[in-house]
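The values are calculated or read from the model by the stated rules, or taken from the named source; none is laboratory data. The structure presented is a predicted model; accordingly, all values stated were derived computationally and were not measured. Here Cβ is always computed from backbone atoms with ideal geometry, including for glycine, and neighbour counts include all displayed protein chains.
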Amino acid sequence: MTNSPPTEAFIRDLASRPAPAPLRPALVALAVAGAILAGLALFFALFGLRPDPGAMARPVVAAKALLPLALAGLALPLALLSVRPGARLPLWPLLVPVALAAGLFAARLIDLPPQRLLPDLMGQTALACLISVVTLSLLPLAAGLALLRRGAPTRPVLSGALTGLAASAGTAAGYALHCTEDSPLFYVSWYGLALCLASALGAWLGHRHLRW
């Protein structure tokens, strides 16, 4: 018979290990923002900004960047809050930029003649937009999830989805400075689809990698 049961030895081994580094919200925010900026800097170096930056002064065009930026600013704090056990998550503020985007979409839809709807919706760069935003979101998503593992995520799917939303919305806000597709039919649809895909990917990765 051994002097100590295996369970006691296992407990002592766990107790002797160094405690994991605590979750630092500021570090997560900086990592996600830094990864977004790094990816966008490379993208702009390769493909540049839009040739008519003055167009961003028009409210409907500015909304293309400001609405996803607002969504990112709301989603990232919620992602950080979601890894605190028992914390209440007020998700309703996310609906504000979504509702504003839906309003712009509806206004444009009503304003256009039927023969213009499909060209306005598809634009010239729909696939490039979708691929660019999702791809550029991968690094900040990975950085955010890696750091969120230091918390105590009891809602890993939600934490992952919010991280994916924050990463992709921040990326979309920057991508808007390159994109010349200024119709709300286009950017609400394709930016929105990119954000949904990145959020779904974040939810899946959260389920796999943020579980205790």
Within segment 97-143, which residues are in contact (Cβ under 8 Å) with a residue 60 or more places away in the chain, surrounded by fewer than 19 Cβ atoms within 10 Å (Cβ to Cβ) and within 13 Å of A172 (Cβ to Cβ)? L130
So which of A146, A173, A126 ends up being among the aliphatic types (A, V, I, L, M) and touching a Pro at 6+ places or on another chain (Cβ under 9 Å)? A173
Pairs where the first residue, in segment 183-212, is at positive phi and the second is surrounded by fewer than 23 Cβ atoms within 10 Å (Cβ to Cβ) and at pLDDT 95 or above, C-beta under 8 Å, 6+ apart: none
